[in-house]
Amino acid sequence: MTRQTDTKYYLRALKNILKKGNDSQSAFSDIALKLGINFGVMGCDEKLLFGSFNEEFQSFNLSLGDIIYGRLLASNEDGRLLANMVMVLVKKELEKKKIGNEVLGLYREINMIYSFSEMISEKIDEKSIAEMALREASQIINSTHGLFLIYEPKQNKVVELAAFGLNPEKEKNIDKLNDLLKKLINKGTSAIVPSDKIMDNPALDHLKTIMYAPLKVKHRTLGMVILGHNNEKEFTAAELKLLTTISLQTAGALETAHLYQKGLQEAKEREEAIRSIHEVSQKFVPNEFIKSLGKDRLTEVSLGDLVEKEVTVVFADIREFTTISENLNPEDNFLFINSFNKRMGPIVRKNGGFIMQYLGDGFMALFPDGSQTALRASVEMHSELKVFNEERAVKDRFPVKLGIGMQNGNLIMGITGDIERLDAAIISDTVNTASRIEGLSKHYGSSILLTDNCKNNLTHPEEFDFRYLGPVQVKGKQKPIDLYECINGDSEQLLKHKLATLNTFEEGMKQYFMKEFAMAAVTFQQIVKKERNDSAAKLFLNRSAHMITQETGDDWKGIASISSK
């Protein structure tokens, strides 16, 4: 700030501590009375702010450093003590405002980071990601030029994905600086380039100041983001930190885009592998299904046989199936799925359920006896999965993760098809909802996710431990659904953590739905600090931090809207 601006800033602080109704007024008056003096406080604009004025009063400057922002006028020399007290309070007022501005700046920075994360997560092509990263960076960091560069190993050169700012010689300059840029990308660090180094390089003579940050994913650097200014403007360490944060988030989005493109290329092979599994499973109708129709043998069923029943529908899905199967040929994929199903199928049957359909990387199971048996089976499946993964670890194979979602309700089970081809079929909104809940288990990072219908259907709920995750509006449903996370399927370490923080999590949820977002963010941050793998706590931390800066109406109920499956 300039000297004139500083003076006005200090004067404003002086006026704040002397404003009407402030406790400092009565404190000054009491001290003056005990000292036996009359006094007045005058600003540097020569306006009397408090007290009285007499031409014979002694004057004591009110200052900070070499800047005088007012005077204290007193009837005798003891006024100096009162002046010192005023200066201390003004200094404290300035410190309080400085802290407040820093906190506000941090909230704005957090809000920007979360908003950017949400926007960039919707992009799946490299160019759109690069353009968005530069656009967001230029909006919060004062810059006239920007470059988004990617290193292409096959070409052994650095290429531009996006740019802004006038630079007619841009392509030539990138070629000239290619060796330097590759060196900086390999180094993988952020930096502000001093102006004297810029002047030494003709390819950068259109800029006065530069800073850059790497596009880093784990131990690999994909490229770099460069911002520059054509005036004598020095970038700050805080701005470099922001650019580094944006670059790291962007690098993650780029990696996702790469995997997406790779997934498209491998989709045909994976689809063939899954189709082969489907073709085998579709040849059979579960015996339990036949019995539910009141028949003893498959030969007794007829086209059009049906029955309406209340059941619990469970969808189980192998997480990160692509990672596990990408190096496997179709036959190995088939063997892997069979080895998984051989372990899970018996658990389903043991608890009174049956697998209605195998889905390649998972299955759908029905439990006619309700949620108690379905949830018990889900917990046992996770226990069996731990044994399965221990055996895989011995063979140096990827661990398998399992996500489960369930819903309880009525459905119609029957036989459909034609006279040449019969098939078992179920028709129900319950099935669609259960499938949506399984998909949401990925969003919340939960091993087992169930609805309030399922929880209310439990005959012995004390057998399990739950965390309430709030209402959600799923695609295709008019009314929101309350979700619960059963934590008994988690790893031993994560379960121990969640049990220890159950009350804290519940308090955070109460604060969130009472719109106390700042308090909720603090509460969830306490949980995340203890265990960074607590995905649900991390999700509500992000939601709370985002909602701090959002306006909410009286009708806000905290319903999460999830449009995808």
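The values are calculated or read from the model by the stated rules, or taken from the named source; none is laboratory data. Please read all numbers here as calculations on a predicted model, not as lab measurements. Note that we place each Cβ from the backbone using ideal geometry, even for glycine, and neighbour counts take in every protein chain shown.
Could you go through segment 537-550 and let me know if any residue there is more than 16 Å from Gly445 (Cα to Cα) and of a type in the set (Lys, Arg). For segment 537-550, residues more than 16 Å from Gly445 (Cα to Cα) and of a type in the set (Lys, Arg): absent. Do we have any residue at all in segment 382-394 that's crowded, with 20+ Cβ neighbours inside 10 Å and within 18 Å of Asn453 (Cα to Cα)? Checked against the condition, which is being crowded, with 20+ Cβ neighbours inside 10 Å and within 18 Å of Asn453 (Cα to Cα), segment 382-394 yields no hits at all. Quick check on Val400: is it surrounded by fewer than 20 Cβ atoms within 10 Å (Cβ to Cβ), without any contact (Cβ under 8 Å) to a residue 40 or more places away in the chain and either farther than 17 Å from Ile487 by Cα or in contact with a helix residue (DSSP H, G or I) (Cβ under 6 Å, 6 or more places away or on another chain) (or both)? Here the answer is no, as Val400 does not meet what is asked. Residue count for segment 77-95, restricted to those that are of a type outside the set (A, V, I, L, M) and within 12 Å of Leu64 (Cα to Cα): 3.
Looking at this structure, is Leu458 more than 14 Å from Leu375 (Cα to Cα), touching a residue at least 40 places away in the same chain (Cβ under 8 Å) and assigned by TED's automatic domain parsing to the domain that holds Thr373? Explain how you work it out, then say what you get.
Details: more than 14 Å from Leu375 (Cα to Cα): no; touching a residue at least 40 places away in the same chain (Cβ under 8 Å): yes; assigned by TED's automatic domain parsing to the domain that holds Thr373: yes.
In short, no.
Of all the criteria given as (1) crowded, with 19+ Cβ neighbours inside 10 Å; (2) in contact (Cβ under 8 Å) with a residue 24 or more places away in the chain, the one not satisfied by Phe336 is (2). Just one of the numbered conditions (1) farther than 22 Å from Asp6 by Cβ; (2) without any contact (Cβ under 8 Å) to a residue 12 or more places away in the chain is not true of Lys47: (1). Taken as a whole, the structure places Tyr212 among residues that are more than 18 Å from His258 (Cβ to Cβ) and assigned by TED's automatic domain parsing to the domain that holds Leu254. Listed by first and then second residue, the pairs linking a residue in segment 156-175 that is closer than 16 Å to Leu254 by Cβ to a residue that is at pLDDT below 80 and not in a strand (DSSP E or B), with Cβ atoms under 9 Å apart and 6 or more places separating them unless they lie on different chains, are Glu160/Lys170. If you go through segment 134-192 and keep only what is assigned to a helix (DSSP H, G or I) and among the β-branched types (Val, Ile, Thr), you end up with Ile140, Ile174, Ile185. Just one of the listed residues (Asn54, Asn84, Asn38, Asn76) is over 12 Å from Leu14 (Cβ atoms) and under 53 Å from the mean Cα position of the chain (by Cα), and it is Asn84. Selection within segment 216-258: residues that are loosely packed, with under 15 Cβ neighbours inside 10 Å and assigned to a helix (DSSP H, G or I). The member of this set that is nearest to the chain's Cα centre (by Cα) is Lys241. Quick one: in segment 438-448, which of the residues that are more than 19 Å from Phe354 (Cα to Cα) and not hydroxyl-bearing (Ser, Thr, Tyr) is surrounded by the most Cβ atoms within 10 Å (Cβ to Cβ)? The selected residue is Leu440. Checking each residue in segment 529-558 for being part of a helix (DSSP H, G or I) and of a type in the set (Gly, Ala, Ser) picks out Ser535, Ala536, Ala537, Ser544, Ala545. From the list Met211, Met132, Met119, Met112, the one residue that fits, being within 30 Å of Arg543 (Cβ to Cβ), at pLDDT 85 or above and surrounded by 12 or more Cβ atoms within 10 Å (Cβ to Cβ), is Met132. Got at least one residue in segment 409-427 being surrounded by fewer than 18 Cβ atoms within 10 Å (Cβ to Cβ), within 23 Å of Lys477 (Cα to Cα) and without any contact (Cβ under 8 Å) to a residue 24 or more places away in the chain? Checked against the condition, which is being surrounded by fewer than 18 Cβ atoms within 10 Å (Cβ to Cβ), within 23 Å of Lys477 (Cα to Cα) and without any contact (Cβ under 8 Å) to a residue 24 or more places away in the chain, segment 409-427 yields at least one hit. The set of residues in segment 62-97 being over 21 Å from Ala32 (Cβ atoms) and surrounded by 13 or more Cβ atoms within 10 Å (Cβ to Cβ) consists of Leu64, Ile67, Ile68, Leu94, Lys97.
State yes or no: is Leu134 touching a residue at least 60 places away in the same chain (Cβ under 8 Å) and over 26 Å from Leu259 (Cα atoms)? No; evaluated as a whole, the condition is false for this residue.
Only one of the numbered conditions (1) more than 30 Å from Gln261 (Cβ to Cβ); (2) loosely packed, with under 15 Cβ neighbours inside 10 Å; (3) modelled with pLDDT of 80 or more is not met by Asp125, and that is (1).
If you go through segment 308-333 and keep only what is in contact with a helix residue (DSSP H, G or I) (Cβ under 8 Å, 6 or more places away or on another chain) and closer than 30 Å to Asn453 by Cα, you end up with Lys309, Val311, Thr312, Val313, Val314, Phe315, Ala316, Asp317, Ile318, Arg319. For segment 529-547, the criterion of being outside the structural domain of Ser378 (by TED's automatic domain parsing), basic (Lys, Arg) and under 18 Å from Ile437 (Cβ atoms) is satisfied by no residue at all.
Over 19 Å from the mean Cα position of the chain (by Cα), surrounded by fewer than 20 Cβ atoms within 10 Å (Cβ to Cβ) and at negative phi, is that true of Lys530? So Lys530 fails the test.
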